[in-house]
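The values are calculated or read from the model by the stated rules, or taken from the named source; none is laboratory data. No experiment lies behind these values; they were computed from the predicted model shown. Note that each Cβ is placed from the backbone with ideal geometry, even for glycine, and that neighbours are counted across all protein chains shown. Accessible surface is based on the protein model in full, side chains and every heavy atom, while ligands, DNA and RNA are left aside. Shrake-Rupley method; radii C 1.70, N 1.55, O 1.52, S 1.80 Å.
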Amino acid sequence: MEKGKRTHSEYLKAKKLRQRKRKILRASVYMIYYGFWTIIIALVLYFSYSFISSKFGNQARLKANTKDIVMYNDESFTDNDTTVSHSSTVSNSKSNNGNDSSSNQPRKQEIVNDGTLVVCIDAGHGGKDRGCNRRKRSEKNDTLKLALEIQKYLNSQGIKVVMTRSKDNYLTLQERVDICSSKKCDYFISLHRNCGNGNGYETWLASDACDEAKELANNIHTGMVDVGVSKDRNVKTGSQKNPNEDYFVLRNTTTPACLLELGFLNNSTDNKYFDSNTKAYAKAISDAIISTYNKYHSKNTKK
Ligand SMILES: [Zn+2]
């Protein structure tokens, strides 16, 4: 055969190759064409959705305003504390109320509720953050145990409870604060157990807390002491590590809030108190919440 002349099979092969190239080209054109229109349609849908949701969002906000829910000073939630130690309840970043605390004006204003008390119960720590530990005992389990008892008791009284966690899962401090504000809770109660040398029960409060928050903390404190604690360590402001810096959740919640240190986990007497009084503590804390709320919102409170 002459060199340069193609055999029939070579001719067929070349033909097939040309056909394949044409197919690929056609497919590419289709893809670009349909891809373009898919993107256009997606953009149209996205912008329509944004427009509709912003419109309805504004309407919902207007509705909320009619319920006289007073929002507080818009503190920016820039602190983002994700440390896992027991002391994580104190943010190591800036003290965003440094200026406020020097003023005599209470930062928080009273919420005028529409008649339904909503309580946020925050079981401290959880998941990878065990809090205080002693042998097999972990703070995260104790706080959850009490939180569930409080929830049970308040629910039995017809009161709505928002739990920051109901199982052994991890949450940042900011997430806990966000749950409280997104669910429009009236009160925020954070449960913890102490670490270190010492014994007894103490209640923590923000240094610029409003009267209602002070009343809430005092009522809970009295109720706890009445049930029985190994030592009354009083109602305090600031935090264990820094008397001038309040606990993160107390600084950043916009509702009356307090943080309870329910005895020292590394003290066996305190553990006995905690174990034998869990239900009684839950009732005392709940009753204090209810009586505080009744005092400040008596006209509207549902019983
Ligand atoms: Zn703790």
Worksheet item: So Leu144 fits all but one of (1) part of a strand (DSSP E or B); (2) within 13 Å of the ligand (Cβ to nearest atom); (3) not polar (S, T, N, Q); what number is the exception?
Response: (1)
Worksheet entry | Every residue from region 89-127 that is within 16 Å of the ligand (Cβ to nearest atom) and modelled with pLDDT of 95 or more | Ile121, Asp122, Ala123, Gly124, His125, Gly126, Gly127
Worksheet item: Any idea which residue in region 185-202 is most open to solvent (accessible area, probe 1.4 Å), counting only those that are within 19 Å of Thr269 (Cβ to Cβ) and away from the ligand (no atom under 13 Å from the Cβ)?
Response: Asn197
Response to the item:
Those residues of region 135-150 which are farther than 13 Å from Asp275 by Cβ and basic (Lys, Arg) amount to Arg135, Lys136, Lys140
Worksheet, complete the sentence: Among Val227, Val177, the single one that is surrounded by fewer than 24 Cβ atoms within 10 Å (Cβ to Cβ), in the same structural domain as Val119 (by TED's automatic domain parsing) and among the hydrophobic types (A, V, I, L, M, F, W, C) is Val227
Item to complete: Confirm whether Ile189 is farther than 21 Å from Ala288 by Cβ and not in a loop (DSSP other than H, G, I, E, B).
Response: no
Worksheet item: Asp81 fails exactly one of the following numbered conditions: (1) touching a helix residue (DSSP H, G or I) at 6+ places or on another chain (Cβ under 6 Å); (2) modelled with pLDDT of 95 or more. What is the number of that condition?
Response: (2)
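Residue by residue, here is whether (1) exposed (fewer than 15 other Cβ atoms within 10 Å of the Cβ); (2) within 14 Å of the ligand (Cβ to nearest atom); (3) in the same structural domain as Asn197 (by TED's automatic domain parsing); (4) of a type in the set (A, V, I, L, M, F, W, C) holds:
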site: Asp129; (1), (2), (3), (4): no, yes, yes, no
site: Arg134; (1), (2), (3), (4): no, yes, yes, no
site: Glu149; (1), (2), (3), (4): no, no, yes, no
site: Ile159; (1), (2), (3), (4): no, no, yes, yes
site: Val162; (1), (2), (3), (4): no, no, yes, yes
Worksheet item: Looking at this structure, is Cys180 closer than 18 Å to Thr292 by Cβ and either in a helix (DSSP H, G or I) or over 21 Å from the mean Cα position of the chain (by Cα) (or both)?
Response: yes
Discussion item. Can you pull out every residue in region 211-224 that is surrounded by fewer than 19 Cβ atoms within 10 Å (Cβ to Cβ) and of a type outside the set (Lys, Arg)?
Written reply: Asp211, Glu215, Asn218, Thr222
